[in-house]
Each structure stands twice: as structure tokens, then as C-alpha cells.
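All remarks here apply to the structure that follows.
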Amino acid sequence: MSNPYQTPPSDPYGGYGQPQQQQPYGAPQYQQPGYGYPQQPQPQFVPSQVAEPNSYATASVVLGFIAVLLSCFYGGFLGLIGLGIGIAGLNRSSTTGLGRNAAIGGIALNTLAVLISIGLVVLVLVAAK
């Protein structure tokens, strides 16, 4: 029995007309890529830009909740301020792509607060007559 880990003798014919000898079992078979194969492109890691949160939209929602909870004369003023901030948040969302839904929600809440405040003022004026 021959040693499978022994290096094979050199081929006296230079490999022409003779079958190629295979490596013994268990030996790793490495293949080098030919010169004609293109190299795979390496992935380029680009640091992603972290988008700034739309703080105008968030402030509009918060002011809308507070204005609806107060629902009196001060709620109307907070509603008007929050309405302006909500519109600014909606404009910012068109450039950054963040906070559009929050800005629309803040505009709706602040509009509701202003309408409730106007309704309460009208109710107080009608009840006083």
C-alpha cells in the first residue's frame, strides 16, 4: 500500500497525453481563478446620514393636546400657535420626508382646539344675553 500523503513523482512526459493525477482523499483541492475572470466588486460602505427628527411636527401635536385639554380662552391661543407650528412642520416634512403624519395630526388637533374655543366663547356670549 502506498502512502497517500507522499508527494507524487514528477511527470516525465510533462502532462501531455497522460491523465492528470488526482490528489489523494482528504487533501484540499484549491483552485486559483484564471486571469480572465473579473474580480467581484467590494461593497462600499457609505456612512448614512441620520435624518433630524421633525421637531415642529412633534411640538404641534403636543400643543394640540394641551389646547384641547384646556379648551377655554387659552386653548384658542395655544391652538393658533400650534396651528402655525404644524404648518411649519408640514413644510419641513416635504424637505426631510419625516413627520408628515404628525404634522397633519397636530394641525387637526389645533384646529379642533380653536373651534372648541370659538364655540365656548359664542356659548358664553349667547348665555349672557
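The values are calculated or read from the model by the stated rules, or taken from the named source; none is laboratory data. If you're wondering where the values come from, they're calculated on a predicted model, not measured in any experiment. Reconstructed Cβ throughout: ideal geometry from the backbone, glycine too, with neighbour counts over all protein chains shown.
Below, the figures for the structure above:
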quantity: Residue that is at pLDDT below 90 and part of a helix (DSSP H, G or I), where the choices are Gly89, Gly75; calculated: Gly75
quantity: Ser117 polar (S, T, N, Q) and closer than 22 Å to Pro53 by Cα; calculated: no
quantity: Qualifying residue in the stretch 55-66 (condition: in a loop (DSSP other than H, G, I, E, B) and touching a residue at least 24 places away in the same chain (Cβ under 8 Å)); calculated: no
quantity: Test: Val62 is surrounded by fewer than 17 Cβ atoms within 10 Å (Cβ to Cβ) and aliphatic (A, V, I, L, M); calculated: yes
quantity: Close pairs (8 angstrom Cβ cut-off, 6 or more residues apart or separate chains): of a type in the set (Gly, Ala, Ser) in the stretch 38-54, surrounded by 10 or more Cβ atoms within 10 Å (Cβ to Cβ) and at pLDDT 70 or above anywhere; calculated: Ala51/Thr96; Ala51/Gly97; Ala51/Leu98
quantity: In the stretch 62-84, the residues that are under 11 Å from Thr111 (Cα atoms) and β-branched (Val, Ile, Thr); calculated: Val68, Ile81
